[in-house]
Amino acid sequence: MLPSVVAHRAHNMSEAGANGSSEAPAAELAQLALEETAPKVSFSDQFKAFSKFGDTKSDGKLITLSQSDKWMKQAKVFDKQITTTDTGIHFKKFKAMKITLADYNKFLEDLAKTKKVELAQIKQKMAGCGAPGVQQVSAGKAAAAVDRLTDPSKYTGSHKERFDATGKGKGIAGRRNLVDDSGYVSGYQHKDTYDGAH
């Protein structure tokens, strides 16, 4: 909402408060608070965006159950009360693979009424969830397991021979017994010290 409109409404509310009506300013303040937190993108714009998500041939007028579930998951609508099973049951009532925005609104109304959830709250979450796609990527819980499995100090048997003391791999020398054909016996300590001038 534009700041000038907010200032104008606030001025009108102060005049109404001076005239003695105290309920109107409170109601208008609540309405202003809702308008300030309202999402910038409309529900129908989000519908178009998610109906095209993952479908290059879509024109944005019809949405599938899969796209709807992705949208609801991104908007964090799913919880213990509303699940993908519930959306599947209510979506199949339309006996179509894709439904229009008008039918989708009926679908949401039916879902909200059955699950005793506020329709406005669902729509607000879905309108404010952002553009379709990956929102957050977590590092994953397998990092500790991967660290443990890739730590060469914990290797046993022939596998520990594949790494040097610092944990760096020896390459082919760690996997095969290479023959030393230098002419020296294995225990000789003065290898490569012969001065060829003599």
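I'm told ALA144 meets every condition in (1) farther than 23 Å from LYS48 by Cβ; (2) in contact with a helix residue (DSSP H, G or I) (Cβ under 8 Å, 6 or more places away or on another chain) except one. Can you identify the failing condition by its number?
(2)
Where the second residue is surrounded by 14 or more Cβ atoms within 10 Å (Cβ to Cβ) and of a type in the set (S, T, N, Q) and the first is without any contact (Cβ under 8 Å) to a residue 24 or more places away in the chain and closer than 21 Å to LYS52 by Cβ and lies in the range 69-98, which pairs have Cβ atoms under 8 Å and are six or more apart or on separate chains?
ASP69/THR84; ASP69/THR87
Restricting the range 22-52 to residues that are at pLDDT below 55, outside any helix (DSSP H, G or I) and within 27 Å of LYS73 (Cα to Cα), which is farthest from the chain's Cα centre (by Cα)?
So the residue we want is ALA38.
Do we find that ALA165 is more than 20 Å from SER66 (Cα to Cα), within 24 Å of the chain's Cα centre (by Cα) and without any contact (Cβ under 8 Å) to a residue 12 or more places away in the chain in this structure?
no
Take the residues in the range 143-166 that are part of a helix (DSSP H, G or I) and of a type in the set (A, V, I, L, M, F, W, C); name whichever of them is most open to solvent (accessible area, probe 1.4 Å).
It comes out as LEU149.
Just checking, which of ASP69, ASP59, ASP55 is within 24 Å of GLY130 (Cβ to Cβ), open to solvent by less than 50 Å² (accessible area, probe 1.4 Å), of a type in the set (D, E, K, R) and not in a helix (DSSP H, G or I)?
Values: ASP69 fails: not in a helix (DSSP H, G or I); ASP59 fails: open to solvent by less than 50 Å² (accessible area, probe 1.4 Å).
Answer to the check: ASP55.
The values are calculated or read from the model by the stated rules, or taken from the named source; none is laboratory data. Because the structure is predicted, anything quoted here is derived from the model rather than measured. Virtual Cβ from ideal backbone geometry, glycine too; neighbours counted across all protein chains shown. Just the protein is used for accessible areas: all its heavy atoms, side chains included, with ligands, DNA and RNA removed. Shrake-Rupley method; radii C 1.70, N 1.55, O 1.52, S 1.80 Å.
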